[in-house]
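This report refers to the structure that appears directly beneath it.
Bear in mind these aren't lab numbers, they're just calculated from the coordinates by the rules spelled out. All figures in this text were calculated on a predicted structure; none of them were measured in a lab. We place every Cβ from the backbone using ideal geometry, glycine too, and count neighbours over all the protein chains shown.
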């Protein structure tokens with residue numbers, strides 16, 4: 001499962017937690033732990049994104065040979 005999917009799953013669990021029937025004292029701890037997990041996964045996604053080398057920025061124009069009359 002990807003990190004993005006785990007973040008969505010943890011967020012969905014936080015959203016449905018009030019409807020699952022757990023005692024209030026359990027809900028507090030479960031939501032706290034899910035929050036810590038979401039923070040950790042967010043940090044992992046951010047670090048993973050920082051490791052990808054950035055693409056060279058375009059100068060706003062295409063570097064190619066001019067078209068001839070035959071190509072038009």
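Going by average Cβ density within 10 Å per residue, which order do the peptides 34-44, 16-26 take, highest to lowest?
34-44, 16-26
Report, please, the projected area of the range 3-51 averaged over directions, based on the convex hull of its C-alpha atoms, in nm².
3.1
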